[in-house]
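Note sheet for the following structure.
The values are calculated or read from the model by the stated rules, or taken from the named source; none is laboratory data. Bear in mind the structure is a predicted one, so any value in this text is a computation, not a measurement. Reconstructed Cβ throughout: ideal geometry from the backbone, glycine too, with neighbour counts over all protein chains shown.
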Amino acid sequence: MRRILSLAFLVMMGMSANAQDPQVRRIQERFDSARPNEKSLAFYSLDWAMSLADAKERARKEDRPILLILNTNITAGTNFFSGHT
């Protein structure tokens, strides 16, 4: 949490600093390159069904297939609903 707040502070400071400063631009470019773009986050914005019964009903109505992902989190695996991998 402390890192996120520090990064947010640095970004805000960079925005208020002189935009022509090369160091500020370099930091902003590094920050922008590390941020995920919309394409890489598209998987998490899908309209997921929370149960197989709901998915079957929607698939029938929309005449679409079902993508079934089973997640047990037994080995601290991926949690697709919260976006944590």
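Just one of (1) on the phi < 0 side of the Ramachandran plot; (2) modelled with pLDDT of 85 or more; (3) surrounded by fewer than 10 Cβ atoms within 10 Å (Cβ to Cβ) trips up Phe31, so point out which.
(3)
Give me the residue from region 8-17 that is more than 24 Å from the chain's Cα centre (by Cα) and surrounded by 10 or more Cβ atoms within 10 Å (Cβ to Cβ) and, out of that set, modelled with the highest pLDDT. Reasoning before the result, please.
Just the residues of region 8-17 that are more than 24 Å from the chain's Cα centre (by Cα), to begin with: 13, 16-17.
From what is left, the residues that are surrounded by 10 or more Cβ atoms within 10 Å (Cβ to Cβ) are 13, 17.
Details: Met13: 64, Ala17: 51.
Looking at the filtered set, the residue picked out is Met13.
Let's see how each residue does on (1) over 18 Å from the mean Cα position of the chain (by Cα); (2) hydrophobic (A, V, I, L, M, F, W, C):
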| position | (1), (2) |
| --- | --- |
| Arg35 | no, no |
| Trp48 | no, yes |
| Glu62 | yes, no |
| Leu70 | yes, yes |
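For a quick check of your reading of the model, give me the residue pairs whose first member lies in region 44-70 and is modelled with pLDDT of 90 or more, whose second is assigned to a loop (DSSP other than H, G, I, E, B) and surrounded by 10 or more Cβ atoms within 10 Å (Cβ to Cβ), with beta-carbon atoms closer than 6 Å and at least 6 apart or on different chains.
Between residues of region 44-70 that are modelled with pLDDT of 90 or more and residues that are assigned to a loop (DSSP other than H, G, I, E, B) and surrounded by 10 or more Cβ atoms within 10 Å (Cβ to Cβ), the close pairs are Ala55/Ala49; Ala55/Ile66; Arg58/Ala49; Ala59/Ile66.
Output the residue which, of all residues in region 19-65 that are among the polar types (S, T, N, Q) and not in a loop (DSSP other than H, G, I, E, B), is farthest from Phe9 (Cα to Cα). Write out each step before concluding.
Applying the first criterion (among the polar types (S, T, N, Q)) to region 19-65 yields 20, 23, 28, 33, 37, 40, 45, 51.
When the remaining residues are screened for being not in a loop (DSSP other than H, G, I, E, B), the result is 23, 28, 33, 40, 45.
Values: Gln23: 16, Gln28: 12, Ser33: 18, Ser40: 25, Ser45: 28 Å.
Taking the candidates together, the pick is Ser45.
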